[in-house]
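The values are calculated or read from the model by the stated rules, or taken from the named source; none is laboratory data. Source: prediction; values computed, not measured. Note that each Cβ is placed from the backbone with ideal geometry, even for glycine, and that neighbours are counted across all protein chains shown. Quick note on the areas: whole protein, heavy atoms, side chains included, nothing else; ligands and nucleic acids left out. Shrake-Rupley method; radii C 1.70, N 1.55, O 1.52, S 1.80 Å.
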Amino acid sequence: MVVLLFLADPHSNAAAGQQLSAADLAAAKAAYQRPAPQPVENPALVELGRLLFWDPRASASGRTACVSCHLPQLGWAVNDPRSRNDSGKLTSRKSPTLLGVGHLGSVPNGWDGRNVSLEAQAKASISTGSMSMRETETPVKVEVIEQRIRAIPAYVERFKTALPDAPVNIDAMVKAIAAYEAAFEPGPAPFDRWVEGDEAAISEPAKRGFALFNDKALCSSCHVGWRFTDDGFHDIGTSTTDLGRGREVKDDPQLQYAFKTPTLRSVALRAPYMHNGSLANLDAVIRHYQKGGLDRPSRSPMMMPIELDDGERADLVAFLTTLTGSPEGDAAPRLPD
């Protein structure tokens, strides 16, 4: 992991007005340069996954689709503090963005890292999770969903093309959905054009915000690399009831109340923020980091006090808005009859 911190003492008075040197600025920009998109190995599988991701027939009720909680125009996220599951009840957390999840590799997925892969997340959601109607008196078995998909000839043909030797079942379905999700590359953003040399691509306040992000504001301690995330889990002092990663890894005191560092790609699209939607806007997020969050043994040591004035917070927000891709997301497909 590369951590971009350029000041030896970010809390000194001299540091307060200091900007990155030309050499440090060039190094910071290079560290955020995005790679080429990952190649698509099986286009037919991705297209099959696209249909299933958008199709409510993949849920127990036949009314909820994966896209219901991961909207393309919001960077595959939502604007609701909590989503509704297939039973019509509010979930305990806000749906996380799926932008760039194809780059996770073997890193656990989700706010608390309970899912070892995209396939595992999709399977859990359909079979026992938010798409399963498990909280009703009439839950629907996975076999019913499988048969529902098998009864659609166009789907059967697509499965034969994408996975010739696989039966049309939950495992094949989530393999396709995961392949589609892995293709969610963040759209090109003004920031990317600036990194490539177009000085007019972002505003002067945004450029100052980038310097603050990598320096005095300490944001790059966790939001690092072109996806702006270390893919780690940190307690940043928000929740008092949800243990986050600590619910999954009970014997590690540092992971109590810890949640996954989200990507900041298209972050401006998906307020409110945090796993519980507790912070209304980006200014509120920055103010939270200034205060340092709840002081407790598990709080990340990277949560250090910072001092920012109104202008600096505005500059940081200006920078964060330059990370919005265009186009972002995908258009709804025509589903098989």
P(r), alpha carbons of the range 264-330 - 5 Å bins starting at zero, rounded %: 3, 15, 22, 23, 21, 9, 5, 2, 0
Label-point gap, in nm, between R150 and R296 - each point 7 angstrom along Cα→Cβ: 4.7 nm
Relative contact order computed over the chain (Cα-Cα under 8 Å; 6+ residues apart), in percent: 25 percent
Peptides 208-219, 108-119, 187-198, 312-323 ordered by average Cβ neighbours within 10 Å, highest first: 208-219, 312-323, 108-119, 187-198
Protection proxy ranking, peptides 87-97, 21-31, average beta carbon neighbours within 10 Å, highest first: 87-97, 21-31
Environment charge of Q33, counting only residues whose C-beta is closer than 15 Å and scoring Lys/Arg +1, Asp/Glu -1: +1
Peptides 64-74, 172-182 ordered by average Cβ neighbours within 10 Å, highest first: 172-182, 64-74
Set of the range 53-85 residues, backbone N closer than 15 Å to the point 7 Å along the Cα-Cβ line of A332: 53-58, 63-74
Size of the chain as Cα extents on the principal axes (Å, biggest first): 69, 43, 29
Of all accessible heavy-atom area on the range 213-328, the percent that carbon and sulfur account for (1.4 Å): 56 percent
